[in-house]
Amino acid sequence: MIAQKMSRSWAEIPHVTTFHLVDATHVDALRKELTTESGAKVTALSVVVRALAEICQEHPKLNSSYDTEAGELVLKQACNVGIATDTDQGLVVPVVRDAGTKGIASLAREIAELVAASRDRRATPENLTGGTITVTNVGTFGSEFGTPIINFPEVAILAIGTIRPRALVVDGDVQVRPAVTLSLSFDHRVIDGAEADRAMTTL
């Protein structure tokens with residue numbers, strides 16, 4: 001199923017990917033603070049998923065699908081974020097529904113549960129359908145960045161690279177800070193480069 005969707009996506013969608021290097025200092029601090037407060041293992045992924053849901057409100061084309069036959073763009077009301085997950089059966093994409101209405105700690109718990117269910121083959125059809133935008137954490141495997149294939153019929157997918165210390169220029173000084181590259185692949189029929197980069201800058 002996933003392989004068929006990916007093949008169709010690559011064949012039909014004009015993919016473009018934009019890359020942004022992000023200072024992750026505040027993300028890391030927030031993650032640690034929420035982990036201490038909530039008792040949940042809050043990851044950078046859950047922080048990014050919550051932020052992405054907010055960005056989709058400001059940039060609604062990210063959270064849409066393109067009806068090829070009708071030639072129409074379908075904007076989605078809810079932001080249901082798919083989490084690309086590596087399993088012994090291959091790639092599956094469980095879905096966090098209404099991500100924009102949930103706190104980061106709650107998202108962290110739900111993502112962990114969905115990923116575990118997917119890997120244990122307990123995920124239901126409802127868990128694996130209904131996504132409106134997808135996130136893939138290529139940093140899990142040490143990758144700096146990725147050029148992810150859009151999860152058809154969605155319009156965009158965000159890849160999170162590995163977070164590691166880098167030399168960044170901050171207020172004119174070189175400092176060692178945790179940083180990450182975010183990669184957004186988008187459907188160029190729906191979103192142009194300027195709009196994609198505005199969304200990424202806001203993210």
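Under the rule a/c < 1.5 gives rounded, and otherwise a/b versus b/c splits prolate from oblate, where does the stretch 25-73 land using the Cα gyration tensor? Let's see the in-between values first.
Working: a/c = 4.74, a/b = 3.37, b/c = 1.41.
In terms of gyration-tensor shape, prolate.
Taking 20 Å as the straight-line reach from the Cα of Lys102, the aspartates and glutamates in range (excluding those fewer than 8 positions away in the same chain) are Asp28, Glu33, Glu37, Glu54, Glu58, Glu110, Glu113, Glu126.
Charges were assigned to the Cβ only: +1 to each Lys and Arg, -1 to each Asp and Glu. The resulting dipole of the stretch 70-175 about its Cα centre is roughly 200 debye.
With R₀ fixed at 22 Å, the C-beta to C-beta distance from Lys5 to Gln89 puts the FRET efficiency at about 0.90.
Roughly what percent of Cα-Cα pairs across the chain reach past 21 Å?
Details: 10636 of 20503 pairs.
Here the long-distance tail beyond 21 Å is 52 percent of all Cα pairs in the chain.
Among the trypsin sites (Lys or Arg not before Pro) within the stretch 18-47, those in coil by DSSP and having at most 15 neighbouring Cβ atoms inside 10 Å are Lys41. Restricting the trypsin sites (Lys or Arg not before Pro) of the stretch 95-153 to loop positions (DSSP other than H, G, I, E, B) with no more than 10 neighbouring Cβ atoms within 10 Å leaves Arg121. Within the chain, the longest run free of GluC sites (Glu not before Pro) that sit in a DSSP loop with at most 10 other Cβ atoms within 10 Å is 127-203. Each label was represented as a point 7 Å from its Cα along the Cα-to-Cβ direction; for Glu69 and Ala116 these points are 4.1 nm apart. The solvent-accessible area of Ser7, taken with every protein chain present and a 1.4 Å probe, is close to 80 Å².
Using a 1.4 angstrom probe on the protein heavy atoms only, line up His20, His59, His26, His188 by accessible area, largest first.
On the way: His20 45, His59 20, His26 145, His188 90 Å².
Greatest to least solvent exposure: His26, His188, His20, His59.
Lys and Arg at +1, Asp and Glu at -1: add these up for the other residues within a Cβ distance under 15 Å of Val176 and post the number. Working shown, then result.
Working: positive: Arg164, Arg166, Arg177; negative: Asp23, Asp28, Asp171, Asp173.
With Lys, Arg at +1 and Asp, Glu at -1, the net is -1.
With a Förster radius of 30 Å applied to the C-beta separation of Gln77 and Glu37, the computed FRET efficiency comes to 0.45. Shown here are the Rg and Dmax of the Cα trace of the stretch 1-110, at 16.2, 50 Å.
The values are calculated or read from the model by the stated rules, or taken from the named source; none is laboratory data. Treat the numbers as computed from the prediction; the structure is a model and nothing was measured. Note: ideal-geometry Cβ built from the backbone for every residue, glycine included; neighbour counts use all protein chains shown. Only protein heavy atoms, including side chains, enter the accessible area calculation; ligands, DNA and RNA are left aside. Shrake-Rupley method; radii C 1.70, N 1.55, O 1.52, S 1.80 Å.
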